[in-house]
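The structure appears right after this line, and notes come after that.
The values are calculated or read from the model by the stated rules, or taken from the named source; none is laboratory data. Predicted, not measured: the structure shown is a model, and the values here were computed from it. Glycine also receives a Cβ, built like all others from the backbone with ideal geometry; neighbour counts cover every protein chain displayed.
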Amino acid sequence: METLTPIKSGNYIDGQLVKENFETLDVLSPSTGEVISSVYLSDASAVDKAVQTAKEAFVEWSSRTLKERIQIFFKFRALLEKHKEELTHLVYLENGKIHSEAAAEVAKGIELCEFACSLPQIVNDEIQEVSKGVECRTSHVPLGVVASITPFNFPHMVPLWSIPNAIALGNCMILKPSEMTPLSAVRIAELLEEAGLPKGVINIVNGGKDAVEAICDHPDIKAVSFVGSTKVAKLVYIRASASLKRCAALGGAKNHLIVLEDAHVDMAATNIAASMSGCAGQRCMAASAMVGVGKIDHIVERLCEEARKIVPGDNLGAVITAAAKERIERYITEAEAAGAKVLVDGRNATVKGKEGGFYVAPTVIDNVTPDMKIAKEEVFGPVLAIIRAETVDEAIAIENSSNYGNAASVFTQSGGLARYIMDRVSAGMTGVNIGVPVPREPFSFGGWNESRFGSHDITGRSSIAFWTRLKKTTTKWNPEARTNWMS
């Protein structure tokens, strides 16, 4: 498929792309550095226009039964399958992933849609006769207009974390994608309406800080989901909550993989290398810090062999911007200056024919100490910091000292030690001999500590509580029923 320039982008309101007078920002393809589109930097007026449209659409949309609404998502899933090559290409263009990773992201979006299609079997009213002739009933009722603010690293998948569940449950959605990756969002909206979604149920407002703040402040937006850095997640949660909104804000990570001496060498090396470099390390579930316990030099050596097999432009994609490349390489240089040893050096990587692209090759750094910046901060690139520990308890203490709490894994062949460690790590998503312990539907995605703000989930079965509220109805039809305090 040939690259088309420019690719359509814009605010998508009431079923169509709308022309605005806002300042625009160029959208670059990370793989080549070329301009592929432009995006509006919208202000509060665009958010308000989208909200008013969604409010009007909500009246009819929420009146449909859940089973009626779900029929659209069966058709939407079929359209995702039909257009998966096009959708994969869009992810490659705007995010810089290699083809296989972009295709996997689209496949995950299909799985998320499948879960939404199962909601009629999961969302059931609860009814009980609480007294003779008196019934109580609880029902899941949509909130109204909700919003989702999504990041650059998964421009197709993360919008589908929230859109299918939120809309299927009867809400209308305002989506604010990353200004660096706005293209997949528009195509998702078009396919939803091709599937039969009424105009105005999904609306897209592009922009940066002004648009985010307007979403947090708007009185008619009832809930906000956010995925991005911890710094911004915290600000969004505080601001949205101050406006009395329901908010779930997922932040960054510093994921620790604890590797014991008895770990299966090949399995550990291949899984860790894939985890630290997949999606160019730009995922909140990437292996960022490896804590080696005892004599693990043989595993480190094998890990470095695997890391050297990962080549930019071949089986490794680009990072999102030139600024991101510079920041990632600065972390490596500062760690080296602080006394760490760079075993595999990914700095100054280029790809022939794509010299304008933003590439960092896999980097493995040994002898990192827990006090170094690279051991504490989220790098968000294909970089693995190796920290040495003498005991399992020391390794757990290193993991527990992190402000984050997204993911943690252990590599060992001992079931007892695996359980001991999993019971003590401070992370919301854990794994044993798994480099990327991402739960699949119906299980929800979400970490602990400064990796998540808010008490709800936006994916999986537990997202139902976030996207709806409970209505309780007590009914009495029998006038002959014995009178008591419930009458």
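If I filter region 33-51 for residues that are closer than 22 Å to MET180 by Cα, assigned to a loop (DSSP other than H, G, I, E, B) and out of contact with any helix residue (DSSP H, G or I) (no Cβ under 9 Å at 6 or more places or on another chain), do I get at least one hit? Don't jump to the end; show me each part of the working.
Filtering region 33-51 for residues closer than 22 Å to MET180 by Cα gives 33-47, 50.
Filter once more, so that each one left must be assigned to a loop (DSSP other than H, G, I, E, B): 33-34, 41-43.
With the extra rule that they be out of contact with any helix residue (DSSP H, G or I) (no Cβ under 9 Å at 6 or more places or on another chain), the set shrinks to 34.
Yes, the conditions are met somewhere in region 33-51.
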When restricted to GLU329, GLU334, the only residue under 30 Å from HIS89 (Cα atoms), in a helix (DSSP H, G or I) and in contact (Cβ under 8 Å) with a residue 24 or more places away in the chain is GLU329
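Quick one: how many residues across region 35-48 are under 16 Å from SER9 (Cα atoms) and not aromatic (Phe, Trp, Tyr)?
Initial filter on region 35-48 (under 16 Å from SER9 (Cα atoms)): 35-42, 46.
From the residues that got through so far, the ones that are not aromatic (Phe, Trp, Tyr) too are 35-39, 41-42, 46.
Number of matching residues: 8.
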(1) farther than 21 Å from GLU336 by Cα; (2) crowded, with 23+ Cβ neighbours inside 10 Å all hold for ILE434 apart from (2)
Picking from VAL342, VAL311, the residue that is surrounded by 15 or more Cβ atoms within 10 Å (Cβ to Cβ) and either under 25 Å from the mean Cα position of the chain (by Cα) or not assigned by TED's automatic domain parsing to the domain that holds VAL27 (or both) would be VAL342
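Which residue, of ALA240, ALA253, is assigned to a helix (DSSP H, G or I) and either at pLDDT below 95 or surrounded by 22 or more Cβ atoms within 10 Å (Cβ to Cβ) (or both)? Write out each step before concluding.
Numbers: ALA253 fails: assigned to a helix (DSSP H, G or I).
Sole residue among the options that is assigned to a helix (DSSP H, G or I) and either at pLDDT below 95 or surrounded by 22 or more Cβ atoms within 10 Å (Cβ to Cβ) (or both): ALA240.
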Worksheet item: Do we have ALA318 as of a type in the set (Gly, Ala, Ser), within 15 Å of VAL379 (Cβ to Cβ) and either assigned to a helix (DSSP H, G or I) or assigned by TED's automatic domain parsing to the domain that holds ASN367 (or both) here?
Response: no
Does region 418-434 contain at least one residue that is β-branched (Val, Ile, Thr) and within 30 Å of LEU119 (Cβ to Cβ)?
yes
If you go through ALA211, ALA166, the only one that is more than 19 Å from VAL59 (Cα to Cα) and either in the same structural domain as GLU60 (by TED's automatic domain parsing) or part of a loop (DSSP other than H, G, I, E, B) (or both) is ALA211
Result of the Cβ filter at 8 Å on region 359-377, keeping first residues that are in contact (Cβ under 8 Å) with a residue 60 or more places away in the chain and partners that are aromatic (Phe, Trp, Tyr), at least 6 apart or interchain, is GLU377/TYR331
Per the list (1) surrounded by fewer than 15 Cβ atoms within 10 Å (Cβ to Cβ); (2) part of a loop (DSSP other than H, G, I, E, B), residue check on GLU86 breaks on (2)
Next item on the list: Restrict the check to region 120-130 and report whether at least one residue is closer than 25 Å to PRO198 by Cβ and charged (D, E, K, R).
Entry: yes
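With respect to PRO177, is the statement that it is touching a Pro at 6+ places or on another chain (Cβ under 9 Å) and without any contact (Cβ under 8 Å) to a residue 60 or more places away in the chain true?
So PRO177 passes the test.
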